[in-house]
Amino acid sequence: MERNLRLTVLFVTFFCALMVSNVMADQSKYYFKLRGEGAFVRLYINDSEVLSNLKFGEMNFYQLASQYFKSGKNEVVIDMEPYNHSERNYTFSEDDFYLSLDVSNDNGAIEEVIDLVKLKFDGDKLYQLNKKKDRKEFQASESNTFVLLDDVFISDFQMRYENRVSSPSTKRVRVEFSINDNDLLDPNWIAAKKIDQLKPHDKKRLWDAYAHVYEVIKDDNEGEYKDLMRSVNTHLSHVIGYDVDDFANEFLNKDPLVEPDLNFSPNFKIGMEGDYFVRSSPNNKMFNIIPNPLVYTNDEGEVGLERVFYFCDFGNGFEICHVYSGY
């Protein structure tokens, strides 16, 4: 099983959420709530991975997510592998499983909620609990901000982990809805190039991008690091109404490139020559390498922290376009 990234991703995630919550006093705040049991789950909002829960047990996640949404059409994708909880293995038991997802908007005066997903299994068939017609009528009467655009679309899918592939019962769930809020900005990765299949030269370009980031962090080059993160930081700073350079400086104060008592990516070049694969986002705009080459380890070689980046191609090579939240 992959490392539990919630425990190892850097402090940057918490700091960002805290800043967004404190600074966005005059703007609507958007949240997602995911609850469930009996499945490993990856959640994507507008092609960006925002949650990866790959451990047994009940799920109850509630997260500020304003930076992932945009005005107009939004898409949510859930990749899920059901499991048998009682035996803690990957054989499926329908009695253990449920999954629900909603998105809410809080403008300080009123909270609106759109119920996107409520899933159960009947035998080996995954289905949505409430029908499209009923859901559309419900949403139209309850929200001025959200409109459900279509019913949930469910397809077979194969999730890939560091050391295995998922079982045949794994599914990909897609649902689209619109948000009427002109204050929302398009996330920085929306304009990225779509690459349906990475060719060998694309993979080399991706490794080259990782190698550049590796050297910048290893050399503690804060100025160059801020340049590498400018696309990400520009969007986040706009979301919270913050100056981008002040934003970057505060992040580096809280999240320095050099970590005391930890070694940064001591086996990076070995990783380049070893076994790895490239994970892509659902719409094939974001890419990262698994196992993650950018890790901090202690003297015993145990991973303590990670920098989990996704890279996009905007036409001039791969660059950092998203930092996985690690939620």
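See the values below:
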read-out	value
Distant-in-sequence amide H partners of Leu51 (H built 1.01 Å from N, under 5 Å)	Leu43
Nearest-0.05 FRET efficiency for Asp183 and Leu129, computed from C-beta distance (R0 30 Å)	0.40
With DNA, RNA and ligands ignored, accessible area of Glu111 (1.4 Å probe; Å², nearest 10)	100
Per residue accessible area of the range 216-319, 1.4 Å probe, in Å²	46
In order through the range 293-298: 3J(HN,Hα) via Karplus (6.51 cos²θ - 1.76 cosθ + 1.60), integer Hz, x for Gly, Pro	x, 10, 10, 10, 10, 8
Phi to ³J(HN,Hα) by Karplus 6.51 cos²θ - 1.76 cosθ + 1.60 over the range 196-209, Hz, x for Gly, Pro	5, 9, 6, 8, x, 6, 5, 5, 5, 4, 5, 4, 4, 5
Of Lys33/Lys120; Lys73/Lys204; Lys55/Lys193, pairs whose Cα-Cα distance is over 23 Å	Lys73/Lys204; Lys55/Lys193
Linear extension gain, Lys55 paired with Lys193, 0.36 nm per residue minus alpha-carbon span	46.4 nm
Viscosity 1.306 mPa s, temperature 10 °C, Stokes-Einstein D of the range 172-313 from Kirkwood C-alpha radius, µm²/s	93
Distance between the range 147-173 and the range 262-305 - C-alpha centres, whole angstrom	24
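The values are calculated or read from the model by the stated rules, or taken from the named source; none is laboratory data. Since the structure is predicted, the reported quantities are computational estimates derived from the model, not experimental observations. Positions of Cβ are backbone-derived with ideal geometry, glycine not excepted, and every protein chain shown enters the neighbour counts. Just the protein is used for accessible areas: all its heavy atoms, side chains included, with ligands, DNA and RNA removed. Shrake-Rupley method; radii C 1.70, N 1.55, O 1.52, S 1.80 Å.
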